[in-house]
Structures are given as C-alpha cells and as structure tokens.
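Single-structure report; data block below.
The values are calculated or read from the model by the stated rules, or taken from the named source; none is laboratory data. Source: prediction; values computed, not measured. Note: ideal-geometry Cβ built from the backbone for every residue, glycine included; neighbour counts use all protein chains shown. Ligands, DNA and RNA are excluded from the accessible area calculation, which covers all protein heavy atoms including side chains. Shrake-Rupley method; radii C 1.70, N 1.55, O 1.52, S 1.80 Å.
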Amino acid sequence: MKRAKNRHVSALAAILLLGPVASRYAVAENQSFKSDADLQAEVMNEALNKPNLKGVQVTAHDGVVALTGTVDRFYLKEEADKRAHKIKGIKAISDEIQVASGTIPDPVLEQKLVKAISYDRVGYGTTPFNAISVSVNNGDVTLAGHAYGPVDASSAFALAASSPGVKNVINEIKIDPASPMDDRTRIQVYRTVYGFSMLSKYAMDPAKPIRISVQNGDVTLYGVVNNQTDKDVAGLRANTVPGVFKVTNDLRVAGATEHN
C-alpha cells in the first residue's frame, strides 16, 4: 500500500514539474506565429529596406507573401526574393516582380553579353577554358555551354543579371569536373594550340577566341577563328596531346556562321 502511494505521489510530482515546461512550449509556439500584417511589415522594413528596392510592393495572405512592382535590373529581382526568404514565418513567396530596364533589341543585347562574358575572367587564368554561350529571346537570356569552375559560371550569371535590358536569366551552364589530370590536359592543349606559329595570332587577344573544354580526357574546342584552315589545324594540334581521348572541333569560321 505504501509503495502504491509513493508511486502516486511520484506521478503527481512529475505532472506538476512538467506543467510549466508544457506551458513554456505553448507560449513559444504562440510567439512564433505572425499575422499577415506582421509578415508584410517585416518584409517591407527588413528585407526590402534598400533604395534600389523601393519599387517593390508586398502583400501577404494566409502566410503566403507576394512580391510585386518593378526593379531596373534582374539581379535586384533575385535579391528581393532572397532577402524575403530570410524572414521567418513565411509559408511561401510568389515573386511577381517585373524588370523594367528598357528594351534593347535581342541581337544587340546578345552581342553585348557575348563580348562582356568573353572578357569577364581575363587575368584570372581560366579565360581559355570557359566556353559559355549566350542566347536572347524577348529580353530573356539563356546562358549555356561549359565553365571551368563555379566561380566562372557565377561570374557570367552575375554579369548578365546586372546588364540593362535583361528581364530574366536562365542558367544552363555546365561546370567541367574538377580533375588534376584534366587540368594538365587543358594546359597542354592550350600550349600546343596557341603555341603553334600559325595560331599564335589568337593568343594576342585577351579574350582567347579558341576556347578549350575538357571533361575526363575528352576535349572540345569552341570559339571563332578566321578561316577553315585555322580550324582544322587547331583540331589536329589538340589531337597530338598525350592523354587526350577524343577531340571535338566545334570552332566556327568567322563570316560563315550563318551557313553552318
């Protein structure tokens, strides 16, 4: 009987001790709840409190935040979305921000971006090993091709995202696999191609118009050369490098692009 009584007392004591703990959890849960008005104010005052985001409006309904309005660069649309996602208590975000940076004809915008990205990483040692392509459709930019590393790919994306006339950026750039063996192959192909007397003129251009992409020993040549002979010689030279399994020659000849 005494043991039963002790067990009863122990159970009662446990309930009394756990009571305040359970109460504290309930208070914490209530404190984490935010009304739509709270969310809207917090996004406006904390996430979008930058002068270049003043054109963005916020509404909230049942915990879902909608971002509307305009910005003058695509990267600002991305920034507004990322900053809003840092606010706790939001269930979802609908990014409906429009980029109003003026209209630039697609061919003109594409040409500007191709040139800018070609010279983007000059001085960092990776320029010859980036083969990033650009296409533009109604202000929507698609980046594709190959990049030497994540930094090169991110830099190209940031450049496009901050350019006037760009309404959206679709990033389809593939990053070549990290490999010491491929790095050796890249350097050897570079020296073998650019060091050949007939092709040395291309080494004078900081943008390095012959681009070299390597994936597990397979080499692809991209870019533009002056004539068919230079294209053929570049492919032949790349094929002489020890350790190269296959060479794909995708070099284009200036002036003959439309006919390829």
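At-a-glance table
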item: Length gained when the stretch Ala178-Ser162 is fully extended (0.36 nm per residue, less Cα-Cα span); result: 2.9 nm
item: Candidates Ser154, Ser200, Ser118, ranked by Gaussian network fluctuation over the chain, Cα under 10 Å, top entry; result: Ser200
item: Folded to 0 to 90 degrees: helix 228-239 orientation relative to the chain principal axis, Cα; result: 60 degrees
item: Region 162-235: chymotrypsin sites (Phe, Trp or Tyr not before Pro) falling in loop per DSSP and having at most 13 other Cβ within 10 Å; result: none
item: Entries in Lys174/Lys208; Lys34/Lys91; Lys208/Lys231; Lys34/Lys88; Lys77/Lys167 that, when Cα-Cα distance is taken, lie over 18 Å; result: Lys174/Lys208
item: Neighbour-limited loop hits for GluC sites (Glu not before Pro), region 73-176 (at most 16 other Cβ within 10 Å; DSSP other than H, G, I, E, B); result: Glu96, Glu172
item: Environment charge at Ser155 (Cβ cut-off 12 Å; Lys +1, Arg +1, Asp -1, Glu -1); result: -1
item: FRET efficiency, 1/(1 + (r/R0)^6) with R0 41 Å, evaluated for Ile104 and Asp232 via beta carbons; result: 0.65
item: Dipole magnitude of region 175-260 about its Cα centre (Cβ charges: Lys, Arg +1; Asp, Glu -1), debye to nearest 20; result: 220 debye
item: Extended-chain gain in nm, criterion 0.36 nm per residue less alpha-carbon gap, Asp140 and Gln215; result: 24.1 nm
item: Acute angle (nearest 10 degrees) that the helix 150-161 long axis makes with the longest principal axis of the chain, alpha-carbon atoms; result: 90 degrees
item: The chain - percent of accessible surface contributed by carbon and sulfur, probe 1.4 Å; result: 56 percent
item: Debye, to nearest 20: dipole size of the chain, +1 on Lys, Arg Cβ, -1 on Asp, Glu Cβ; result: 1300 debye
item: Helix-only CD estimate at 222 nm, as mean residue ellipticity for the chain, using -39500 (n - 2.57) per DSSP H run (n ≥ 4); result: -13000 deg cm²/dmol
item: Region 86-117: trypsin sites (Lys or Arg not before Pro) in DSSP loop, at most 15 other beta carbons within 10 Å; result: Lys86, Lys88, Lys91
item: GNM result for the chain, Cα springs below 10 Å: residue of Asn137, Asn239, Asn49 fluctuating most strongly; result: Asn49
item: Alpha carbon convex hull of the chain, volume per residue in cubic angstrom; result: 218 Å³
